[in-house]
Amino acid sequence: MLSYEKKPGADFAEIVVDGKISDEEMNTVMTAMKADLENGRLKLLEDIRAFEGMEPAAFFKDPRFGIAMAKGISHVALVTDAHWLKVVAETFSFVSPAKIKVFERSKIDEARTWLSAAV
């Protein structure tokens, strides 16, 4: 399951991953994020509850979207208890234009506070 939500008036959006990601879910999230990115830079909370892979079609989505998204995201709060995702995020933070901070799942409110205060 993959979902995306940016509440009206919120200063960041939230992505939730819980299980396997379908192509249809990826299309829905990409459409919503593109619309939000057209309004300016975006801060993002990624709540990775469980990741069980993705359908091949979802994996091979338009790489231009990934590049455009990376340029449009200013801050990422990655919320996960998966050690391997923490390592990947911390490694990627050295080359990412976005500021990335990793939080344990029990600290999700702290992650939201960090994003709200980020400028």
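Figures for the structure shown
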{"quantity": "Search result, residues across the stretch 29-45 that are of a type outside the set (A, V, I, L, M) and at pLDDT below 95", "calculated": "Thr31, Lys34, Asp36, Glu38, Asn39, Gly40, Arg41"}
{"quantity": "Residues of the stretch 5-35 that turn out to be open to solvent by 40 Å² or more (accessible area, probe 1.4 Å) and within 20 Å of Ala118 (Cβ to Cβ), as a count", "calculated": "7"}
{"quantity": "Count - residues of the stretch 1-13 that are aromatic (Phe, Trp, Tyr) and at positive phi", "calculated": "0"}
{"quantity": "Filtered residues of the stretch 14-54 (kept if more than 25 Å from His83 (Cβ to Cβ) and among the small types (Gly, Ala, Ser))", "calculated": "Ser22, Ala32, Ala35, Gly40"}
{"quantity": "Qualifying positions in the stretch 61-106 - open to solvent by less than 90 Å² (accessible area, probe 1.4 Å), farther than 19 Å from Met30 by Cβ and of a type in the set (D, E, K, R)", "calculated": "Lys86, Lys101, Arg105"}
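For (1) of a type in the set (D, E, K, R); (2) free of Cβ contacts under 8 Å to residues at least 24 places away in the same chain; (3) under 22 Å from Gly19 (Cα atoms), each residue gets a yes or a no:
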position: Ala35; (1), (2), (3): no, yes, no
position: Ala50; (1), (2), (3): no, no, yes
position: His83; (1), (2), (3): no, yes, yes
position: Val102; (1), (2), (3): no, no, yes
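The values are calculated or read from the model by the stated rules, or taken from the named source; none is laboratory data. No experiment lies behind these values; they were computed from the predicted model shown. So basically every Cβ, Gly included, is an ideal-geometry build from the backbone, and we count neighbours across all protein chains shown. Accessible surface is based on the protein model in full, side chains and every heavy atom, while ligands, DNA and RNA are left aside. Shrake-Rupley method; radii C 1.70, N 1.55, O 1.52, S 1.80 Å.
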